[in-house]
Amino acid sequence: MTDTPTIEEPDLPPPRRIPWRYALIALPLVVAGLVFWWGYNRSQPHQFSGAVIQGAAAAPDFTLDSDRGPVSLSDYEGKLVMMYFGYTFCPDVCPTTLSDIATALEMLDDDEAEQVQLIMVTIDPARDDAARMGDYVRHFDENFVGLSGSDEEIGSVATLYGIYYRAGEGTEATGYLMEHTATVLVVDRAGNVKVVIPFGVEPEGIAADLEYMLR
Amino acid sequence: MRRSIVGLLVVLALLAAACGGSADIEVSDVWGRPSPAAATNGAFYMVISNNTDAADHLVETSSDACGVAELHESMMSDGVMSMNPVGAAGIEVPAGGEAVLEVGGLHVMCIDKQAGFEEGDTYEITLEFEKAGPVVVEAEIKEG
């Protein structure tokens with residue numbers, strides 16, 4: 001019979017308790033750190049993802065048709081208005097842009113998102129009437145507004161905002177395809193065209209620009 | 001022994017099929033964005049890998065989900081977006097390399113959508129390669 005080895009428990013010191021008074025010291029330090037960090041972040045100049053237009057240019061008012069009646073830019077006075085010119089026949093860039101903006105708005109607080117209005121203006125009024133525009137934009141966000149009008153009306157609004165568009169050749173199956181300026185213009189709450197967001201800015205960047213403009 | 005080799009081959013064949021292609025051409029991350037009924041068209045994106053030492057070309061596509069499916073490319077120049085069909089040579093998949101169909105670039109343009117394109121839907125697309133022949137892949141409808 002062999003001796004069963006006895007396992008000796010090593011003499012561990014009892015776990016040390018952190019005295020409460022340390023927490024009393026640490027807590028104000030943590031709070032002070034957070035306040036400082038918040039203040040520091042706020043004091044840093046915001047890095048826009050979009051391009052800021054130096055020298056405010058007042059956004060000219062216009063009126064076009066939605067499926068719920070005429071809509072003017074001035075209806076949204078005091079809000080941030082994002083303006084996008086595109087067309088529903090476009091399978092790639094236009095839906096991506098609208099989807100990215102919808103995602104960006106979801107990143108904002110509800111009361112911030114309420115202060116932002118997206119307006120999409122068709123540059124293909126021959127295919128996009130007001131009803132189609134409404135159905136199309138509300139798929140991405142039920143508060144989005146889609147506008148159409150006559151060739152002349154669309155042309156004059158596009159000219160006011162420096163938007164280029166042209167019908168390109170396309171294929172037998174597609175018919176003509178539009179070439180168009182694919183940037184998003186942001187009108188600030190004072191009614192000036194302030195920021196131009198190029199295609200491809202991530203939703204996080206769009207949300208940060210909007211948040212900053214809402215401050 | 002022989003049985004296990006046969007078994008292995010069957011497993012490999014199934015794996016190859018599950019990857020959506022022959023071993024020569026592999027297609028992954030095939031997707032399209034949900035789009036409203038008011039949108040006539042849609043787009044599909046994917047990554048195509050060529051495991052051979054010769055370049056191949058994606059020359060044609062078709063899908064029951066589309067009236068016609070064409071290969072197009074979006075191009076951005078000075079903020080102006082245009083979209084054009086790719087040339088008759090199709091999309092090159094370089095030897096041992098890959099072709100990426102992505103947002104704002106090359107894509108399968110699904111003209112005259114035949115279905116809803118709701119999140120979670122899947123649609124089969126047949127990709128016709130110059131050398132590898134037809135490869136059937138499944139596209140998932142999802143947000144980005």
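Residue-wise test of (1) under 17 Å from B:V27 (Cα atoms); (2) away from chain A (no Cβ under 14 Å); (3) assigned to a loop (DSSP other than H, G, I, E, B); (4) more than 17 Å from the chain's Cα centre (by Cα).
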| residue | (1), (2), (3), (4) |
| --- | --- |
| B:M75 | no, no, no, yes |
| B:A99 | yes, yes, no, no |
| B:I111 | no, no, no, no |
| B:G120 | no, yes, yes, yes |
| B:E124 | yes, yes, no, no |
| B:E128 | yes, yes, no, no |
| B:P134 | yes, yes, no, no |
| B:E140 | yes, yes, no, no |
message: I'd like the full set of residues that are within 12 Å of chain A (Cβ to nearest Cβ) and in a strand (DSSP E or B), limited to region B:23-60.
response: B:G32, B:G42, B:A43, B:F44, B:Y45
Residues (buried (at least 16 other Cβ atoms within 10 Å of the Cβ) and assigned to a loop (DSSP other than H, G, I, E, B)) located in region A:130-160: A:D141, A:F144, A:G149
- prompt: Somewhere in region B:50-57, is a residue under 30 Å from A:L185 (Cα atoms), of a type in the set (D, E) and over 10 Å from the mean Cα position of the chain (by Cα)?
  reply: no
Members of region A:166-202 that are in contact with a helix residue (DSSP H, G or I) (Cβ under 9 Å, 6 or more places away or on another chain), assigned to a strand (DSSP E or B) and either more than 9 Å from chain B (Cβ to nearest Cβ) or under 16 Å from A:M213 (Cβ atoms) (or both): A:V184, A:V186, A:V187, A:K194, A:V195, A:I197
Meets criteria (more than 21 Å from the chain's Cα centre (by Cα), of a type in the set (D, E, K, R) and closer than 21 Å to A:L64 by Cβ) for A:D128: yes
query: Out of (1) assigned to a helix (DSSP H, G or I); (2) buried (at least 20 other Cβ atoms within 10 Å of the Cβ); (3) not charged (D, E, K, R), the odd one out for A:F89 is which?
result: (1)
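We did not get these values from a lab; they are worked out from the coordinates using the rules stated. None of these values were measured; they are calculated from a predicted model. Cβ: placed from backbone, ideal geometry, glycine included. Neighbour counts: every protein chain shown.
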